[in-house]
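Asker: Below is the structure I would like to discuss, written out as structure tokens.
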Amino acid sequence: MNDILFIDPGHAFGIDNHKSPFVQENFHLIDMYDFETTDLTPFKCIVVHDFVDQVHLYRHRALIEQFLNDGKIVIWGGHLTTKWLPGCALFTPKKINAFSDYEISIVQEQPIFNGVLAEELTFTKGVAGFFARGSHTPIPAQAEILTTLPDAATVTYIDRHTTAGTVLVHAGRDLFTLRDQHRTTDRISTQLLQWIHDEYEALKRGMHNA
């Protein structure tokens with residue numbers, strides 16, 4: 001069994017995951033309404049699809065917090081509407097006056113966005129705004145900022161301090177959907193997958209939250 005759990009919304013927005021070789025090879029998919037009855041022990045990471053029922057996750061937020069406090073990883077890409085994810089503020093849309101307000105910056109060199117062109121995050125088929133249209137503000141203290149919108153609005157960050165585990169938050173769609181586009185953004189899905197395994201090993205060695 002794959003050791004990365006993927007919480008699937010079980011509707012049209014998640015149907016491609018059931019046919020994707022990449023997803024099938026690397027994740028263990030469950031329906032979101034099976035989450036509370038799933039044994040989380042074998043998994044090092046939970047990836048949450050952006051169209052899940054967040055009210056349902058809020059009811060079972062203690063399971064997510066315990067998973068993190070066991071020294072594991074949760075990845076969320078979406079607009080947080082209920083406080084089910086430790087340390088993460090609710091989504092705040094960015095006020096947009098021009099397409100340039102959607103411009104994405106990669107803040108620092110790090111593995112997930114290595115080799116990815118920022119302009120290919122900003123524009124998809126010539127249209128801006130697909131990567132992110134807001135942020136989860138404020139971000140936790142000591143969070144590692146990966147990408148931003150103008151005015152330093154944080155889009156993607158890593159939080160290693162709110163819990164004993166690691167939370168990766170992205171204020172847009174599931175980052176694993178960025179594949180098979182024949183652009184530098186194709187690197188994100190495989191690099192994020194490797195990051196999960198590396199991050200988990202670092203957590204096991206006590207390199208974070210020391």
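Asker: Out of Leu57, Leu63, Leu85, I need the residue that is of a type outside the set (Asp, Glu) and open to solvent by 20 Å² or more (accessible area, probe 1.4 Å). Which one?
Answerer: Leu63
Asker: While we're on this one: Provide a single number: the residues in the stretch 138-152 that are of a type in the set (S, T, N, Q) and either within 17 Å of the chain's Cα centre (by Cα) or farther than 27 Å from Leu68 by Cβ (or both). So that I can check it myself, show each step before the final result.
Answerer: Taking the stretch 138-152 as the starting set, the residues that turn out to be of a type in the set (S, T, N, Q) are 142, 147-148.
Cutting the leftovers down to either within 17 Å of the chain's Cα centre (by Cα) or farther than 27 Å from Leu68 by Cβ (or both) gives us 147-148.
Adding up the residues that qualify gives 2.
Asker: Within the stretch 45-80, track down each residue that is closer than 23 Å to Leu178 by Cα and of a type in the set (S, T, N, Q).
Answerer: The one that is closer than 23 Å to Leu178 by Cα and of a type in the set (S, T, N, Q): Gln54.
Asker: Taking only the stretch 33-51 into account, find how many residues are farther than 14 Å from Val167 by Cα, of a type in the set (A, V, I, L, M, F, W, C) and modelled with pLDDT of 95 or more.
Answerer: So the answer is 3.
Asker: Only one residue in Pro150, Pro140 is farther than 19 Å from Phe27 by Cβ, surrounded by 17 or more Cβ atoms within 10 Å (Cβ to Cβ) and not β-branched (Val, Ile, Thr), so which one is that?
Answerer: Just a single option satisfies the conditions, and that option is Pro140.
Asker: What are the residues in the stretch 117-137 that are closer than 17 Å to Arg179 by Cα and either assigned to a strand (DSSP E or B) or within 17 Å of the chain's Cα centre (by Cα) (or both), if any?
Answerer: Across the stretch 117-137, the qualifying residues are Leu121, Phe123, Thr124, Phe130, Phe131, Ala132.
Asker: Of all residues in the stretch 178-203, which are at pLDDT below 95 and out of contact with any Asp or Glu (no Cβ under 8 Å at 6 or more places or on another chain)?
Answerer: Residues satisfying the conditions are Gln181, His182.
Asker: Turning to a different aspect of this structure: When the residues of the stretch 153-186 are filtered to those that are of a type in the set (Lys, Arg) and either buried (at least 20 other Cβ atoms within 10 Å of the Cβ) or over 15 Å from the mean Cα position of the chain (by Cα) (or both), which remaining residue is farthest from Phe6 (Cα to Cα)?
Answerer: Pass one, the stretch 153-186, residues of a type in the set (Lys, Arg): 160, 173, 179, 183.
Add one more test, that the residue is either buried (at least 20 other Cβ atoms within 10 Å of the Cβ) or over 15 Å from the mean Cα position of the chain (by Cα) (or both), and what stays is 160, 183.
On the way: Arg160: 21, Arg183: 25 Å.
My answer is Arg183.
The values are calculated or read from the model by the stated rules, or taken from the named source; none is laboratory data. All values derive from a computational prediction rather than experimental measurement. No Cβ is skipped: glycine too gets one built from the backbone with ideal geometry, and neighbour counts run over all protein chains shown. Heavy atoms of the whole protein, side chains included, go into the accessibility calculation; ligands, DNA and RNA do not. Shrake-Rupley method; radii C 1.70, N 1.55, O 1.52, S 1.80 Å.
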